[in-house]
Amino acid sequence: MINNDIVPGFDTAKDESLVIKLQKVPNVNSCLILILEGYINTGNTGFFQQRIQKAIETGYTRLIFNCNSLNYVSSTGIGCFSAFLKALKPIGGDLILLEIQPKVYEVFQLLGFSQLFNIMKSLDDSIDFFRGSTAKPNTIEFPRIFSCSICSKKLKVLQPGRFRCPECKTILNIDNTGLVS
């Protein structure tokens, strides 16, 4: 199925730096997977916003952005995701960022947006979330033991946040899903 069959007029514009492929989610009303390939920066955010707005106007209010092939997101790109979330919430919608790359996730985290979005590691968890699961599947309980990604020293972490490894002095960010960066 091509994009225009899912969202009429979706492919009327193209951008070489960002390719968006659409997939419907069977048995979940108004749910759409958007596979992002390339990067999002100031130069292509207009294109990105227009394409996603078309999907929302078509009636898709539950959006799963597969970020596995998204190599970079600038702060203006993160602003786009925030705008989508702001548009979706009042109409009962939501969005999920799926399989986000560590270097892209770091940008979200450094700018303080990692707690604002539903960030998930599996498509099944994402679909379950929109089917009505109330718990955030990737949230873990603290305190928890982590290993430093540089020197492998075991660290007891009481809550998500930034920590300095006492052994190698590396600064580690640990979010509520247990992702260490």
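Annotations for the structure displayed:
- Segment ASN68-ASP124, extension gain: residue separation times 0.36 nm, minus the distance between their alpha carbons: 18.7 nm
- Cα-based convex hull, segment 61-160, per residue volume (Å³, whole number): 119
- Residue with peak Gaussian network fluctuation, the chain [Cα springs, cutoff 10 Å], from GLY132, GLY79, GLY59: GLY132
- Under 16 Å from LYS103, Cα to Cα: aspartates and glutamates that are on another chain or at least 8 residues apart: GLU37, ASP175
- Length added when fully stretched, ILE91-ILE145, from 0.36 nm per residue minus Cα-Cα: 15.5 nm
- Treating each Cα of segment 1-98 as an identical point scatterer and summing with the Debye formula, the log10 of I(q)/I(0) at q = 0.12, 0.14, 0.15, 0.23 Å⁻¹ comes to -0.33, -0.46, -0.53, -1.35.
- For the chain, calculated [θ]222 nm from helices alone, where every DSSP H run of n ≥ 4 adds -39500 (n - 2.57): -8000 deg cm²/dmol
- Split the chain at each of the GluC sites (Glu not before Pro) in a DSSP loop with at most 12 other beta carbon atoms within 10 Å, and the longest piece is 17-140.
- Rolling a 1.4 angstrom probe over the protein heavy atoms with all chains in place gives the chain an accessible area of 52 Å² per residue.
- Only lysines eight or more places from LYS24 in sequence, or on another chain, were considered; those with a Cα closer than 24 Å are LYS14, LYS54, LYS86, LYS89, LYS121, LYS136.
- Rounded to the nearest 10 degrees, the angle from helix 75-88 to the longest Cα principal axis of the chain is 60 degrees.
- A full extension of the chain between LYS24 and THR170 corresponds to an added length of 48.3 nm, given 0.36 nm per residue minus the alpha carbon distance.
- On the principal axes of its alpha-carbon atoms, the chain has extents of 56, 36, 27 Å, going from largest to smallest.
The values are calculated or read from the model by the stated rules, or taken from the named source; none is laboratory data. Note that the structure is predicted; figures quoted are calculated from it, not measured. Backbone-built Cβ (ideal geometry, glycine too); neighbour counts: all protein chains shown. Just so you know, the surface numbers come from the protein's heavy atoms only, side chains and all, with ligands and any DNA or RNA stripped out. Shrake-Rupley method; radii C 1.70, N 1.55, O 1.52, S 1.80 Å.
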